[in-house]
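These notes concern the structure reproduced below.
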Amino acid sequence: RPEVANVDRCFIVVASTPEPDFLLVDKVVFNCLHSGIEPVIVVNKCDTDTSLYVQTLEDYSVIVDVVGVSATNNSVEELEPYIQDKVVCMAGQSAVGKTSLLNALCPTIKAKTGDLSTKSGRGTHTTRHASLHACCGGYVVDTCGFSLCDLVGIRSDELRLYPYDFVDYGHYCKFTNCTHTVEPDCAVKAAVERGDIAKERYDRYVAIYNELVEAEKRQY
């Protein structure tokens, strides 16, 4: 979990390979929203497969911007407006193409890139530390890949306030402080059953909520 500061936006980079970890994505999204940072999900490697982009757009576009790009084909121009006059941090697993995206945006940087390990099928840590680069009228922070992330400063009873669509549906819950987990007459759970909210994203929300509850129990 690289430490960075004074960030305006965060590019949460995913790709079809390695297999995306959307529990990690959700945690980064929540941390960003809690810290006043705008999260943007960037789906890389769309030159070989657009299905991940289509699914991610369907699941997440109601709460964050989703951009499909390809560092291999230098098809990254959609990211440029997000960088202009901002400090943008790259975040995500190893080998999703964070450094390749930086090189495509700013070819003069020529940062070293890596690939998947043939033994484990997971990304190798080519980037060893965070580095700041002037790029596209702003700055981009390239970071090392990571696969674990904790929520910082968010209580379990506050988690419901971060997914914007949950907040909208939450106005119709029976209880004003509904956590959207075990309470009856929950409008969020009803929306999940209707297919208005992606079940997988809701299930990850419940898993994160339960993690926070268990962590809070251990504090006392």
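The values are calculated or read from the model by the stated rules, or taken from the named source; none is laboratory data. Only a predicted model underlies this, so the values are computations on that prediction, with no experimental measurement involved. Using ideal geometry, Cβ is built from the backbone for each residue, glycine included, and neighbour counts are taken over all protein chains shown. What goes into the accessible areas is simple: the full protein's heavy atoms, side chains included, and nothing from ligands, DNA or RNA. Shrake-Rupley method; radii C 1.70, N 1.55, O 1.52, S 1.80 Å.
Distance between the pseudo-spin-label points of E78 and T176 (7 Å out from Cα toward the beta carbon): 4.1 nm.
Both radii were evaluated on the Cα set of the chain; the Rg over Rh quotient, with Rh as the Kirkwood radius, amounts to 0.99. For the chain, the tally of Lys pairs with Cα-Cα distances below 18 Å comes to 8, considering only residues 8 or more apart or on different chains. Summing charges over neighbours of Y205, with a neighbour being any other residue whose Cβ is under 13 Å away from its Cβ, gives -1 when K and R count +1 and D and E count -1.
For the stretch 57-100, just say rounded, prolate or oblate: build the C-alpha gyration tensor, square-root its eigenvalues into a ≥ b ≥ c, call rounded for a/c under 1.5, and beyond that prolate if a/b exceeds b/c, oblate if not. Since a/c stays below 1.5, the shape of the stretch 57-100 is classed as rounded.
For the pair D185 and R155 in one chain, pulling the backbone fully straight at 0.36 nm per residue adds 8.5 nm over the alpha carbon distance.
Once the Cβ-Cβ distance between E38 and I109 is put in as r, and R0 is 25 Å, what FRET efficiency do you end up with, to the nearest 0.05?
So the FRET efficiency works out to roughly 0.60.
Across every pair of non-identical alpha carbons in the stretch 125-202, the mean reciprocal distance, once inverted, gives a Kirkwood radius of 15.6 Å. Only protein heavy atoms count here; on that basis, with a 1.4 Å probe, K199 has an accessible area of about 110 Å². Solvent-free Debye calculation, one equal scatterer per alpha-carbon of the stretch 1-93: log10 I(q)/I(0) at 0.13, 0.14, 0.15, 0.16 Å⁻¹ equals -0.40, -0.47, -0.54, -0.62. Solvent-accessible surface of the stretch 126-212, taken per residue with a 1.4 Å probe and all protein chains present: 54 Å².
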